[in-house]
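Bear in mind these aren't lab numbers, they're just calculated from the coordinates by the rules spelled out. Given the structure is predicted, the values throughout are model-derived calculations rather than measurements. FYI the Cβ positions are ideal-geometry reconstructions off the backbone, even for glycines, and counts take in every protein chain you see.
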């Protein structure tokens, strides 16, 4: 059987003792290295999890960013379309209002022109009636003959022959005026009788 080794004095160390100490020290270092490796593995695991979480967060942020951009573009296009439709509707309303105003102005102008034309026609008719009126023509003829007699009166003082011609012309103008008066009275009689026949 195994017999215990004799105890050695404490001051003396043999070759087996130093190898045991070296083995223990190697064991301790191995355990320490193993613990360090386990710590490093745990940290690497945590880093991997953190990276995975960051990747997920980045993916979520990208999705949110792209979704926000798409929503903003859709909102911009919708707002632009709605604004364009509102502007078109406002333009159509303004155009209809302008067309209505123009039509009413044209109608008012047409009425005014027709009224002016009616007044002008009435004035022309009055002038035509006045020119065809024998009494108006008589007054005109009388004024013309009086002016002529005044114009040629000084010629009678030039000589006896001129005086005779002036008197003869005055006599003929009086005869012409009397003949026109008779004609004017004859032309006016049917009108007076027709006026009397009216109720």
Between residue 39 and residue 74, what is the FRET efficiency for a Förster distance of 45 Å, r being their Cβ-Cβ separation, to the nearest 0.05? 0.30
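Could you tell me what a quarter of the Cα convex hull surface of the range 25-125 works out to, in nm² with one decimal place?
Working: hull surface 34.6 nm².
Value for the range 25-125: 8.6 nm².
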Taking R0 as 41 Å, what's the FRET efficiency between residue 167 and residue 126 from their Cβ-Cβ distance, rounded to 0.05? 0.50
